Structure formats: structure tokens, C-alpha cells
Amino acid sequence: MKQRITLRNIGFGLGLMAATALTAVALRAAEPEAAPAAAPAEAAPAAEAPAAPAVDPIVARGEYLAQVGNCISCHTREGGEPFAGGLAFNTPYSFLGQIHSTNITPDAETGIGTWTEEQFIRAMHTGVAADGSHLFPAFPYTAFTLVSDDDVKAIWAYLKTVKPVKAERPSNGMAFAMRFPMMFWNAMFFKEGRYLADEKQSAEWNRGAYLTEGLGHCSACHTPRNIALAEKQDMKYAGTVTPPDRVEEGKARPWTAVNLTQAKSGLGPWSADQIQRYLKSGHNNRAGIFGPMNEVIVNSLQHLTTEDAKAMAVYIKSLPALGESPKQTITEAEKTAGAALYKTHCDECHIGSGRGAFMKAPPVAGSAIVQAEHPASLINVILYGAKVGKGSPLPFGAWEDMPSFQSKMNDDEIATLSNYLRTEWDNLGGRVTAADVAKQR
Ligand code: HEC
Ligand code: HEC
Ligand code: HEC
């Protein structure tokens with residue numbers, strides 16, 4: 001499979017090539033790893049009860065911030081030690097091969113044990129490694145640049161307390177051997193600088209913006225990218241499709257990261273309280289987690305303090321509507337066929353009104369997954385079912401798993417059902433074809 005992109009000039013060509021590492025979505029088959037203990041064992045006097053070893057408050061804050069930044073999800077490979085790296089990342093340009101995350105344990109030879117605090121701060125804020133080479137933005141320094149010096153220092157203090165692990169990084173695809181082109185990419189697309197508070201907004205809103213834009217790096221998956229894989233600033237949080245990520249054991253397909261703005265086809269119908277509950281527990285009465293959000297919630301957002309979850313929800317609820325999905329019309333025959341498939345396969349849990357039912361299933365009417373411009377996640381949910389990840393907080397009343405319909409419907413039927421879902425109950429969303437479904441199989 002040869003894909004070619006015609007390049008205008010060599011500078012852009014190199015920039016583009018380097019930039020292809022940008023995407024923040026990994027080909028992940030790993031179950032989420034448990035977070036490592038924060039306190040070094042020696043800190044507790046041997047004779048004392050092991051209940052509460054003294055933890056340096058800066059280290060404890062650093063652990064919390066590292067959770068918000070979800071370092072562990074990207075820096076731990078399947079079956080590997082926490083933070084020892086080696087996880088492979090795909091880009092939307094498959095011919096470029098994969099790039100692997102690095103070992104960020106304090107091991108002197110293979111990790112960051114010999115780095116200084118200044119070198120770590122520079123890496124987080126500018127994407128430049130200790131040896132001066134440019135890192136690819138698969139490491140989201142484009143977001144981490146907003147994080148305050150104090151918070152980066154706390155993360156550094158915490159990382160120095162995790163268990164050092166000797167683990168070499170697997171070799172990267174050829175395209176990632178050359179790092180200097182990142183200079184061009186950074187010049188064109190990267191703006192270094194700490195978060196600046198918006199005086200017109202509340203302290204809570206600013207805290208939410210700081211966490212969402214910075215450590216949370218939500219836009220890495222939820223913002224569409226240009227051809228050089230830089231986030232499109234005029235389409236922030238409008239939703240987009242991810243590179244292949246896990247859909248079931250041993251299989252990876254693209255997903256749609258939904259529109260997080262106030263668009264009707266995005267989070268418009270969600271209250272700030274519903275957003276807050278989803279972030280902290282992976283569940284609310286509108287949606288549950290199943291795809292790549294499993295790791296985001298299990299490894300990261302469930303650890304948020306209630307205040308921080310609320311602040312992020314307040315900020316997200318304030319994002320102006322962008323990228324509304326188109327409205328389509330279907331024929332009477334298509335509607336009849338779609339309604340029949342819905343009755344046979346979905347009605348039992350999602351109910352004829354499309355509103356779902358307590359303890360059974362979330363609504364499909366007004367769902368951001370159903371209405372997303374790109375149908376990848378909707379098709380994945382129908383083909384592979386929806387499974388709540390191991391380690392999810394699962395509050396009372398949380399959704400259970402949805403079964404898979406892979407063998408129960410063919411591509412044409414799933415397309416017909418999808419178009420029905422995207423027109424019924426005032427839902428939005430463009431045409432889904434049998435070819436779209438085939439691509440996700
Ligand atoms: C979305 C995935 C992702 C997340 C989240 C992430 N990283 Fe990384 N990180 C990477 C990748 C991939 C690389 C390798 C980049 C390269 O080789 O150019 C990397 C590289 C690094 C490096 C450079 C190490 C070296 O040896 O050059 C540091 C330091 C680092 N990450 C720290 C962190 C910290 C701290 C966090 C959490 C606050 C974090 N990362 C979160 C993917 C991620
Ligand atoms: C046995 C009950 C059951 C059946 C049958 C079922 N679902 Fe689901 N569905 C669920 C549950 C439970 C969830 C939430 C799963 C989670 O959070 O991991 C869900 C989630 C969804 C979502 C995601 C909603 C959102 O916005 O997050 C969509 C879309 C969906 N189902 C569509 C369908 C379609 C289409 C059918 C028929 C082909 C169907 N479901 C059949 C139980 C069911
Ligand atoms: C690794 C990519 C990735 C990152 C990082 C990410 N998301 Fe998502 N998000 C997705 C995908 C894919 C979906 C679709 C459903 C799923 O995976 O459960 C989604 C869905 C959502 C939904 C809607 C769920 C629904 O069923 O309608 C919300 C809300 C959300 N994400 C918020 C966030 C926030 C806030 C952040 C930052 C803290 C974030 N996401 C970071 C990929 C990501």
C-alpha cells in the first residue's frame with residue numbers, strides 16, 4: 001500500500017514528515033496499569049505501623065498532577081513496568097511506521113535518572129530532550145507548555161520517587177530517526193508559553209481551562225488536525241477521528257473523539273453537572289465510557305478532586321458551538337428498514353423513544369457518539385459492543401457492557417441502522433455508507 005503526498009517545498013516536506021508523530025493516540029492493547037505507590041518505602045520507620053508513611057507534600061502533589069497529565073497511559077507498554085515506556089504510537093500516515101514512548105523512570109542508563117530539573121522543565125515546556133534533540137509531539141508538550149513551573153517541578157519530584165526500571169526503548173520507524181525537522185514544525189505550529197489567566201472569567205473557569213488545555217491535553221484527541229498534524233486552532237474541540245486504537249482484543253481501528261463544544265451534535269445537551277460526573281466516574285445518565293476514554297478516565301480523570309472536575313466541567317460547558325454535524329434526509333423505505341433493525345436489536349435496552357432506561361442503557365437520542373460528524377465510534381459500538389474498562393470507578397447505576405453485533409448484521413444493515421439513528425429524534429449526522437462500516441470491521 002503506497003501512499004504519496006506531493007510536497008510544495010523541502011522545508012514543509014521535512015516538517016510534515018517529522019510532524020507525523022504528532023498524534024496522541026496509541027495502538028494500545030494493554031489493560032490499564034495500576035498506579036504505582038507514591039511513597040518510597042524507606043520513608044516509613046520500620047517499627048511504626050505501615051498505615052501512613054510520610055509523603056513529602058510536593059511529591060504527593062506531583063503524583064496527582066502526573067495523574068491529571070496521564071503520563072502512565074502513554075509511558076507504560078502492555079505488561080510493562082509503570083513509566084518504563086516502550087508503548088507504540090500510530091499516526092494517520094501508516095507508511096511512516098510507529099514511534100515509541102520513552103522510559104521516564106529514574107534509571108540512570110535507560111531512563112531520565114541523569115536529567116536535571118532544568119532539563120525536565122525544558123522538555124515539558126519546549127519539547128527538547130536533555131541531549132538537545134527535538135521530541136515529536138506524540139509527546140503533548142504543545143499542551144504541557146502551559147503548565148506552571150511549580151507544577152512541572154512537583155511532577156519531577158514525584159517521578160524521582162518511582163521505581164527505576166532498566167528498559168531500552170524499541171526502535172522507531174525510519175521517519176522518526178530525523179529529529180531536526182521538528183525545528184521547522186515548531187516554528188510554524190508551536191507557541192511556547194505558560195497559561196495566562198483570563199481576567200474576565202472566574203477563578204474556577206480559569207482553573208478548568210488550565211487543566212483542560214494544559215496537563216489534561218484533551219485537545220490532542222478532540223481537535224481536528226491539519227495535513228502536518230498540527231491542531232486546527234479555529235476548530236478547537238470540534239471532534240475528530242483518531243488513528244487506530246483498540247476495538248477488541250488484538251484489533252485496532254479509528255475512533256471518533258466526539259465534539260466537546262456546545263454544538264447540538266456535541267455536548268450542547270449536557271449540563272455542567274453531567275460533564276463533571278462523566279469525568280470523575282466515567283458515567284452519567286447520558287453516556288458511559290468504552291473506547292479510548294476508558295484509559296483517560298481509569299488512569300487519569302477519576303483521580304481528579306471534586307473541585308478540579310467541576311472546574312473542568314465549567315470550562316468545557318463554556319466552549320462555543322463549533323463544527324455542527326450536517327442534517328440528512330432519508331427515504332421512507334430507508335426509515336422503515338432502519339426502524340425494523342432498531343426494533344430487533346436495540347429497542348430492548350435503548351427503548352423506542354431513544355431515551356434509554358435507568359440501569360439499562362444511555363440515550364441514543366441526542367448522543368454525541370450517534371451524531372458525531374465522523375461515524376467511526378458509532379460503527380465501533382455497534383460492531384464490537386461497548387465495554388467499560390477494568391478499574392473503572394463504576395458508581396451505583398452505572399451502565400454495564402453493551403453486546404457486540406458484528407455477526408448479527410451485515411455492512412448494509414449497519415449503515416441503514418446508523419442513518420436511521422442519525423435522523424430520528426431530531427438527531428443530526430451525515431450519511432453512513434456500507435463502505436464506512438467495512439472499514440471498521
Ligand atoms: C499522549 C501520550 C503521552 C503522554 C500523555 C505523555 N507522554 Fe511523555 N512522551 C510520549 C512519547 C511518544 C515520547 C517520545 C517522543 C519522541 O521520541 O520524540 C515522550 C517523551 C517524553 C519525555 C522525553 C524523554 C526522553 O528520554 O527524551 C519526557 C521527559 C516525557 N515524555 C515526560 C512525560 C510526562 C512527565 C508526562 C505526564 C505529565 C508525559 N510525558 C505524558 C508520549 C506521551
Ligand atoms: C443489552 C442492552 C443493549 C443493547 C441490546 C444495545 N445496547 Fe447500546 N448500549 C448499552 C449500554 C449498557 C451502553 C453503555 C455502555 C458503556 O458505557 O460502556 C450502550 C451504549 C450505546 C451507545 C453509546 C451512547 C453514548 O452516547 O455514549 C450507542 C450509540 C449505542 N449503545 C447504540 C446501540 C445500538 C445501535 C444498538 C442496536 C444495534 C444497541 N446499542 C443495543 C446497552 C445496549
Ligand atoms: C486518547 C484520545 C483521547 C483523549 C486524550 C481524550 N479523549 Fe475524550 N474521547 C475520546 C474518544 C475516542 C471518545 C469516544 C468515546 C469513548 O472512547 O468512550 C471520547 C469521548 C469523550 C466524551 C463524550 C462521551 C460520550 O459518550 O458522548 C467526553 C465528555 C470526553 N471525551 C471528554 C474528554 C476530556 C475532558 C478529555 C481531557 C481530559 C478527553 N476527553 C481526552 C478520545 C480522547
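Where a number appears in this text, it was derived from the coordinates with a stated rule and is not lab data. On a predicted model such as this, the values are computed, not experimentally measured, just so you know. Because the Cβ atoms are built from the backbone with ideal geometry, glycine has one as well, and the counts that use them run over all protein chains shown.
For this structure, a couple of remarks:
- Counting only lysines at least 8 places from K439 when in the same chain, those with an alpha carbon closer than 19 Å to its own are K2, K251, K408.
- For the chain, the relative contact order is 16 percent, taking Cα pairs closer than 8 Å that sit 6 or more residues apart in sequence and dividing their mean separation by the residue count.
- Packing rank of 337-345, 145-153, 289-297, 404-412, where each peptide gets the mean count of other beta carbons within 10 Å, highest leading: 289-297, 145-153, 337-345, 404-412
- Cα-based reach from K327 at 19 Å (exclusive), listing lysines while leaving out same-chain residues under 8 positions away: K264, K335
- Model label points for E307 and K360, set 7 angstrom from Cα along the Cα-to-Cβ axis, are 4.2 nm apart.
- Note on A197 and T114: the model spin-label points, each 7 Å out from Cα along the C-beta direction, lie 4.2 nm apart.
- Added length on full extension, which subtracts the Cα-Cα distance from 0.36 nm per residue, T331 to A398: 20.5 nm
- Extension gain from W425 to A438, taking 0.36 nm per residue of separation minus the Cα-Cα distance: 2.1 nm
- Over all other residues within a Cβ to Cβ distance under 13 Å of K160, the charged ones net out to -2, with Lys and Arg as +1 and Asp and Glu as -1.
- Stretching M174 away from A340 to a fully extended chain increases their span by 54.7 nm, per 0.36 nm per residue minus the current alpha-carbon distance.
- Interchain or long-range residues, amide H under 5 Å from V247's placed H: A252, R253
- Entry note, region 249-328: relative contact order of 42 percent, from Cα contacts under 8 Å with a spacing of 6+ residues.
- Cα centroid separation - region 294-342 against region 68-128, whole Å: 30
- Cβ crowding within 10 Å averaged over residues, with 162-173, 322-333 ranked highest first: 162-173, 322-333
- Close amide-amide hydrogen proximity is noted between V128 and A123, L135, each under 5 Å apart and 5 or more residues distant or on a separate chain (H modeled in the peptide plane; Pro and chain starts excluded).
- In the chain, the DSSP-assigned H stretches of four residues or longer account for a calculated mean residue ellipticity at 222 nm of -9000 deg cm²/dmol, using -39500 (n - 2.57) per stretch and the full residue count as denominator.
- Taking amide hydrogens as placed 1.01 Å from N in the peptide plane, the amide H of K163 sits under 5 Å from that of no residue at least 5 positions away in sequence or on another chain.
- Cα shape, region 203-317, gyration tensor, a/c 1.5 rule: oblate
- Annotation: aspartates and glutamates with alpha-carbon distance below 15 angstrom to K236 (same-chain offsets under eight excluded): E213, E324, E373.
- Relative to its Kirkwood radius, the Cα radius of gyration of the chain gives an Rg/Rh of 0.97.
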